[in-house]
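Chemist: I have a structure I would like to understand better, so I am pasting it below and will then ask my questions one at a time.
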Amino acid sequence: MSLDQHLRRHARERADRPAFVSDSGSLTFGELDELAERTAHGLRASGVDRGGQVGLMLRKRPEMIAAFFGIMRAGAVAVPLNARLEDSRQSAILDRLSLDLVLAHEECLPQLRRLAGHLPPPAAIRVSGPPPGGGFGSLAGVFTAPCSTGSFPDPDPEDAAYIDFTSGSTGVPKGSLTTHRAIAANTASVVASLGIGPEDVHLPLFAVASHPHEIFARPVTLGGTAVLLDSINPKAIASAVERWRVTCIMGLPPIYEVLLNTLRSSRFEITSLRLLESGGMVTPWDLIDRFHRQAGKRIVPVWGSTETAGVCLCHPRALEHREDGMGYPCAGVEVRVVDGEGRDVSGGEVGEMTIRCDSVFRSYLDNETETRAVLRGGEYRTRDMVRRDALGCFHFAARRDEMMKVAGLKVYPAEIEEVLRRHPQVRDVVVVAARSRARGVVPMAHVVVSSKVSVAGLKQYCREHLASYKVPRVFDFLDELPRTGSGKPDRRLLSRL
């Protein structure tokens, strides 16, 4: 069943149950179903046909949920646009699309005006709030359209539900065509693997609403409830958990770090929490250990990607294993570790991780070359270099294009980062390749420290735990690591520093 079919079912069986709650308004399943129907008719009246593209610059508020479900019901394709992207990257994405309509919150008006040459005419851009002038239409009108005669057919499972752009932390973002089947398959896999049920209350902790599968697929499939929090302020997160009795949260390691500091200094009631997923980057075991000791809650590392419509590996036993592992395959997910020719590597060796499951993406938008490079016979080559230990747990080594050859020997940034994170003064670290006239490629560490520490001290610490050629030759001290709009460290920018 597609997400919209699940919504229709819950609207019949549990119309008064809260589907989404927030400070800016809440929606029951019955209200969301009616709003989705009106929105679908409003989109058709605005010239959006089946298969048309609708851009979304919407914050995590009820309008965003109504827009997604209205688009899906109309048979169109949603295109979430990250308003935090710089104009140059946003324009590069917009130029690859054929948007029929753009729905936006009024906070995005300055960027919309700057990018006017890359967008549909102003009349095809609907903005919330007071009339913005300049020919823009009203967002409210889309949600209040009359329901004309005729109903909308269920989508074909192989139709694209949305185009999800990769974070582009190491290159140009690519548009992944995510099908209705992929969303359904990934949701079923994660629900089975993590034991999620209809009584769970979900709180997705992301700065932007660019990945819909991480915001509403699970609660809508199960008939549960999701909290829309348009903030990653740690006190706002803790308050939302307490107020709404949240049971499941999903976020990035830096969010859990600042949340832990807040819980240490403030009194919030978080006993309702039972599942804390952490993805987007390696989750340090030290953070898992401290969160458990100080807050009494277990963080579960997960791995997923835009191209797999969500989580494919999870590590519920990370605390016991005392490691920075990625985890084990979720239900129905086949994982291999291969060499450059696609052959399985020996146990414990580093190779490229491949994923085969029903949630793998269909293709990249208008990019056959990239699609063929990573999608072969239904198997997705992730470009993540990993190793599998004797227990079957996967461990991240590097992105394929981040691996370094130092004096002819392979060096993986994740191994160096893991060592440096264990240093008592190091709060965060990213290792990238730098060039030395005398040595060629050498590791360079960008570090955030909690108190003063010398370069010589860090190098000596690394020598005690790493082979000499893996020890960073250069250390760069930063107050904070630069991050992409999705919250990941911006390795592309750090490689240029």
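The values are calculated or read from the model by the stated rules, or taken from the named source; none is laboratory data. Since this is a predicted model, take the numbers as computed values, not measurements. Ideal geometry is used to build each Cβ from the backbone, glycine not excepted, and the neighbour counts take in all protein chains shown.
Chemist: Residues in the range 278-288 that are out of contact with any Leu (no Cβ under 8 Å at 6 or more places or on another chain), part of a loop (DSSP other than H, G, I, E, B) and of a type outside the set (Ser, Thr, Tyr): how many?
Modeler: 2
Chemist: Report, by residue number, each residue of the range 337-353 that is of a type outside the set (Val, Ile, Thr) and touching a residue at least 40 places away in the same chain (Cβ under 8 Å).
Modeler: Narrowing the range 337-353 to residues of a type outside the set (Val, Ile, Thr): 339-344, 346-349, 351-353.
347, 348, 352, 353 - these are the residues of the range 337-353 that are of a type outside the set (Val, Ile, Thr) and touching a residue at least 40 places away in the same chain (Cβ under 8 Å).
Chemist: Further, regarding this structure: Any residue that is closer than 18 Å to residue 421 by Cβ, surrounded by fewer than 16 Cβ atoms within 10 Å (Cβ to Cβ), modelled with pLDDT of 90 or more and aromatic (Phe, Trp, Tyr) - is there at least one of those in the range 468-475?
Modeler: The answer is no; no qualifying residue exists.
Chemist: From the list 92, 104, 145, which one is under 22 Å from residue 367 (Cα atoms) and small (Gly, Ala, Ser)? Don't jump to the end; show me each part of the working.
Modeler: Details: 104 fails: under 22 Å from residue 367 (Cα atoms); 145 fails: under 22 Å from residue 367 (Cα atoms).
92 is the lone residue from the list that is under 22 Å from residue 367 (Cα atoms) and small (Gly, Ala, Ser).
Chemist: Taking the stated definitions as given, is residue 126 over 24 Å from the mean Cα position of the chain (by Cα) and among the basic types (Lys, Arg)? Don't jump to the end; show me each part of the working.
Modeler: Numbers: over 24 Å from the mean Cα position of the chain (by Cα): yes; among the basic types (Lys, Arg): yes.
Against the criterion (over 24 Å from the mean Cα position of the chain (by Cα) and among the basic types (Lys, Arg)), residue 126 qualifies.
Chemist: Can residue 78 be described as buried (at least 16 other Cβ atoms within 10 Å of the Cβ) and either basic (Lys, Arg) or in contact with a Gly (Cβ under 9 Å, 6 or more places away or on another chain) (or both)? Outline the logic, then answer.
Modeler: On the way: buried (at least 16 other Cβ atoms within 10 Å of the Cβ): yes; either basic (Lys, Arg) or in contact with a Gly (Cβ under 9 Å, 6 or more places away or on another chain) (or both): yes.
So residue 78 passes the test.
Chemist: Tell me, please, whether a residue that is among the charged types (D, E, K, R), under 18 Å from residue 183 (Cα atoms), under 24 Å from the mean Cα position of the chain (by Cα) and buried (at least 19 other Cβ atoms within 10 Å of the Cβ) can be found in the range 58-66. Spell out how you get there, then give the answer.
Modeler: Within the range 58-66, the subset among the charged types (D, E, K, R) is 59-61, 63.
After this cut, where a residue has to be under 18 Å from residue 183 (Cα atoms) as well, the list is none.
No, the conditions are met nowhere in the range 58-66.
Chemist: Additional query: Give the residue that is surrounded by the fewest Cβ atoms within 10 Å (Cβ to Cβ), with candidates limited to residues of the range 481-497 that are of a type in the set (D, E, K, R) and assigned to a loop (DSSP other than H, G, I, E, B). If you could, list the steps in order and put the result at the bottom.
Modeler: Here is the first cut: in the range 481-497, the residues of a type in the set (D, E, K, R) are 483, 488, 490-492, 496.
From what's left, assigned to a loop (DSSP other than H, G, I, E, B): 488, 490, 496.
Details: 488: 19, 490: 18, 496: 8.
Result: 496.
Chemist: Could you list, in sequence order, all residues of the range 307-356 that are part of a loop (DSSP other than H, G, I, E, B), in contact with an Asp or Glu (Cβ under 9 Å, 6 or more places away or on another chain) and within 22 Å of residue 418 (Cα to Cα)?
Modeler: Correct list: 315, 322, 323, 324, 325, 326, 347, 348, 349.
Chemist: Something else now. Suppose we filter 43, 35 for residues that are surrounded by 23 or more Cβ atoms within 10 Å (Cβ to Cβ), of a type in the set (A, V, I, L, M, F, W, C) and either in the same structural domain as residue 228 (by TED's automatic domain parsing) or under 21 Å from the mean Cα position of the chain (by Cα) (or both); which single one remains? Explain how you work it out, then say what you get.
Modeler: Details: 35 fails: surrounded by 23 or more Cβ atoms within 10 Å (Cβ to Cβ).
When all the criteria are applied, what remains is 43.
Chemist: Return a yes/no flag: does the range 82-89 have any residue that is surrounded by 19 or more Cβ atoms within 10 Å (Cβ to Cβ) and over 20 Å from the mean Cα position of the chain (by Cα). I'd like the intermediate steps shown before the answer.
Modeler: Filtering the range 82-89 down to residues surrounded by 19 or more Cβ atoms within 10 Å (Cβ to Cβ) leaves 82-83, 85.
Still in the list and also over 20 Å from the mean Cα position of the chain (by Cα): none.
No, because not a single residue in the range 82-89 is surrounded by 19 or more Cβ atoms within 10 Å (Cβ to Cβ) and over 20 Å from the mean Cα position of the chain (by Cα).
Chemist: Right, another one. What about residue 352, is it farther than 21 Å from residue 277 by Cβ, of a type in the set (D, E, K, R) and at pLDDT 95 or above? If you could, list the steps in order and put the result at the bottom.
Modeler: Details: farther than 21 Å from residue 277 by Cβ: yes; of a type in the set (D, E, K, R): yes; at pLDDT 95 or above: yes.
Against the criterion (farther than 21 Å from residue 277 by Cβ, of a type in the set (D, E, K, R) and at pLDDT 95 or above), residue 352 qualifies.
Chemist: May I ask you to list the residues in the range 398-415 that are in contact (Cβ under 8 Å) with a residue 40 or more places away in the chain, farther than 17 Å from residue 322 by Cα and not hydroxyl-bearing (Ser, Thr, Tyr)?
Modeler: So in the range 398-415, the residues in contact (Cβ under 8 Å) with a residue 40 or more places away in the chain come out as 399-402, 406-407, 409-412, 414-415.
Remaining after also requiring farther than 17 Å from residue 322 by Cα: 399-402, 406-407, 409-412.
Passing the criteria: 399, 400, 401, 402, 406, 407, 409, 410, 411.
Chemist: Could you pull out every one of the strands (runs of 3 or more DSSP E) wholly within the range 363-480 that has 2 or more residues that are touching a helix residue (DSSP H, G or I) at 6+ places or on another chain (Cβ under 8 Å) and within 30 Å of residue 179 (Cα to Cα)?
Modeler: Values: elements: 379-388, 394-399, 404-406, 409-411, 426-436, 440-449, 474-477.
Output list reads 379-388, 394-399.
Chemist: Another one. Applying the selection to the range 430-467, what residues are exposed (fewer than 15 other Cβ atoms within 10 Å of the Cβ), of a type in the set (Gly, Ala, Ser) and closer than 26 Å to residue 255 by Cα?
Modeler: The answer is 450, 451.
Chemist: A further question follows. Go through the range 354-374 and report how many residues are surrounded by 13 or more Cβ atoms within 10 Å (Cβ to Cβ) and free of Cβ contacts under 8 Å to residues at least 40 places away in the same chain.
Modeler: Residues in the range 354-374 being surrounded by 13 or more Cβ atoms within 10 Å (Cβ to Cβ) and free of Cβ contacts under 8 Å to residues at least 40 places away in the same chain: 3 in total.
Chemist: Here's something else I'd like to know. From 239, 266, which residue is in contact (Cβ under 8 Å) with a residue 12 or more places away in the chain and over 15 Å from residue 204 (Cα atoms)?
Modeler: Numbers: 239 fails: over 15 Å from residue 204 (Cα atoms).
Only one candidate qualifies: 266.
Chemist: With farther than 23 Å from residue 172 by Cα and in contact (Cβ under 8 Å) with a residue 40 or more places away in the chain as the only criterion, which of 432, 426, 447, 474 stands out? Give the derivation first.
Modeler: Values: 432 fails: farther than 23 Å from residue 172 by Cα; 426 fails: in contact (Cβ under 8 Å) with a residue 40 or more places away in the chain; 447 fails: in contact (Cβ under 8 Å) with a residue 40 or more places away in the chain.
That would be 474, the only listed residue that is farther than 23 Å from residue 172 by Cα and in contact (Cβ under 8 Å) with a residue 40 or more places away in the chain.
The rows are residues; the columns are (1) of a type in the set (Phe, Trp, Tyr); (2) assigned by TED's automatic domain parsing to the domain that holds residue 107; (3) modelled with pLDDT under 95; (4) outside any strand (DSSP E or B).
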position: 1; (1), (2), (3), (4): no, yes, yes, yes
position: 8; (1), (2), (3), (4): no, yes, no, yes
position: 11; (1), (2), (3), (4): no, yes, no, yes
position: 19; (1), (2), (3), (4): no, yes, no, no
position: 24; (1), (2), (3), (4): no, yes, yes, yes
position: 49; (1), (2), (3), (4): no, yes, yes, yes
position: 60; (1), (2), (3), (4): no, yes, yes, yes
position: 64; (1), (2), (3), (4): no, yes, yes, yes
position: 84; (1), (2), (3), (4): no, yes, yes, yes
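Chemist: If we scan the range 257-277, do we find a residue that is assigned by TED's automatic domain parsing to the domain that holds residue 200, under 13 Å from the mean Cα position of the chain (by Cα) and either in a helix (DSSP H, G or I) or not β-branched (Val, Ile, Thr) (or both)? Outline the logic, then answer.
Modeler: Initially, the range 257-277 is screened for residues assigned by TED's automatic domain parsing to the domain that holds residue 200, giving 257-277.
Checking which are under 13 Å from the mean Cα position of the chain (by Cα) leaves us with 277.
From the residues that got through so far, the ones that are either in a helix (DSSP H, G or I) or not β-branched (Val, Ile, Thr) (or both) too are 277.
Scanning the range 257-277 turns up at least one residue that is assigned by TED's automatic domain parsing to the domain that holds residue 200, under 13 Å from the mean Cα position of the chain (by Cα) and either in a helix (DSSP H, G or I) or not β-branched (Val, Ile, Thr) (or both).
Chemist: Let me ask something additional. Does at least one position in the range 379-393 carry a residue that is of a type in the set (S, T, N, Q) and either farther than 25 Å from residue 333 by Cα or modelled with pLDDT under 90 (or both)?
Modeler: Filtering the range 379-393 down to residues of a type in the set (S, T, N, Q) leaves 382.
Still in the running and either farther than 25 Å from residue 333 by Cα or modelled with pLDDT under 90 (or both): none.
No: zero hits.
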